[in-house]
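Written below as structure tokens is the structure these notes are about.
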């Protein structure tokens with residue numbers, strides 16, 4: 001049993017993303033002659049500030065998450081995104097099972113930490129026993145917990161990412177998904193401030 005922390009990796013954020021949005025948006029006004037080498041950021045920020053969010057749908061960002069199964073059940077509710085997720089039907093976890101450490105781990109008592117670790121070890125042992133008994137991975141997965149590590153690649157346009165952050169970064173969100181999304185938002189604010197710097201949670 002291996003216990004790891006969740007993480008994100010931005011795997012696609014095109015260098016010309018703002019320029020693509022500007023080129024699409026200026027089609028509406030037939031103002032393409034206003035495009036310069038440095039006009040995209042200002043144009044996109046104006047679209048954002050005016051609430052003209054349809055234009056930012058022309059920019060896609062792809063992120064790989066390493067998180068737990070419970071979080072991915074929430075992520076896939078964002079139906080405007082595209083998803084590719086590690087499959088418990090086809091992946092055989094024999095001796096290499098990983099679990100995601102809960103983000104509230106440091107606030108737990110040693111007794112609580114031990115209880116969680118025992119539950120994960122028990123789930124892994126039962127899973128392996130079922131495989132040994134002849135069950136296929138797609139059958140043995142019935143005993144796998146929400147804390148099981150999974151990887152999911154998510155592609156979404158900027159408008160949808162803003163919607164995801166609006167729902168998943170607030171204090172009303174589940175702590176584990178919030179702990180995953182807030183660092184991603186911080187990274188995107190650094191890379192694309194004109195798109196994300198107005199989002200504060």
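Across the range 116-129, not a single residue is classified as closer than 30 Å to residue 21 by Cα and modelled with pLDDT of 95 or more.
Conditions (1) surrounded by fewer than 21 Cβ atoms within 10 Å (Cβ to Cβ); (2) assigned to a helix (DSSP H, G or I), marked per residue:
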| site | (1), (2) |
| --- | --- |
| 41 | yes, yes |
| 53 | yes, no |
| 57 | yes, yes |
| 61 | no, no |
| 66 | yes, no |
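Scanning the range 95-104 for residues that are exposed (fewer than 14 other Cβ atoms within 10 Å of the Cβ) and out of contact with any helix residue (DSSP H, G or I) (no Cβ under 7 Å at 6 or more places or on another chain), we see that the one that is nearest to residue 147 (Cα to Cα) is 96.
Take the range 24-39 and flag every residue that is outside any loop (DSSP other than H, G, I, E, B) and under 23 Å from residue 198 (Cβ atoms). Talk me through it step by step, then tell me what you get.
Initially, the range 24-39 is screened for residues outside any loop (DSSP other than H, G, I, E, B), giving 24-29, 32-34.
Within the range 24-39, 24, 25, 26, 28, 29 meet the criteria.
The single condition among (1) modelled with pLDDT of 95 or more; (2) part of a helix (DSSP H, G or I); (3) farther than 23 Å from residue 2 by Cβ; (4) within 24 Å of the chain's Cα centre (by Cα) that residue 48 does not meet is (1). Could you identify the single residue in 72, 36 that is surrounded by fewer than 14 Cβ atoms within 10 Å (Cβ to Cβ) and either free of Cβ contacts under 8 Å to residues at least 24 places away in the same chain or within 13 Å of the chain's Cα centre (by Cα) (or both)? Residue meeting the stated conditions: 36. In the range 9-27, of all residues being loosely packed, with under 13 Cβ neighbours inside 10 Å and out of contact with any helix residue (DSSP H, G or I) (no Cβ under 8 Å at 6 or more places or on another chain), the one that is farthest from residue 101 (Cα to Cα) corresponds to 27.
Could you go through the range 180-190 and let me know if any residue there is surrounded by fewer than 19 Cβ atoms within 10 Å (Cβ to Cβ), closer than 18 Å to residue 77 by Cβ, in contact (Cβ under 8 Å) with a residue 60 or more places away in the chain and touching a helix residue (DSSP H, G or I) at 6+ places or on another chain (Cβ under 9 Å). No, the range 180-190 contains no residue that is surrounded by fewer than 19 Cβ atoms within 10 Å (Cβ to Cβ), closer than 18 Å to residue 77 by Cβ, in contact (Cβ under 8 Å) with a residue 60 or more places away in the chain and touching a helix residue (DSSP H, G or I) at 6+ places or on another chain (Cβ under 9 Å).
The values are calculated or read from the model by the stated rules, or taken from the named source; none is laboratory data. Because the structure is predicted, anything quoted here is derived from the model rather than measured. Methodologically, a virtual Cβ is constructed for each residue, glycine included, from the backbone with ideal geometry; neighbour enumeration extends over all protein chains shown.
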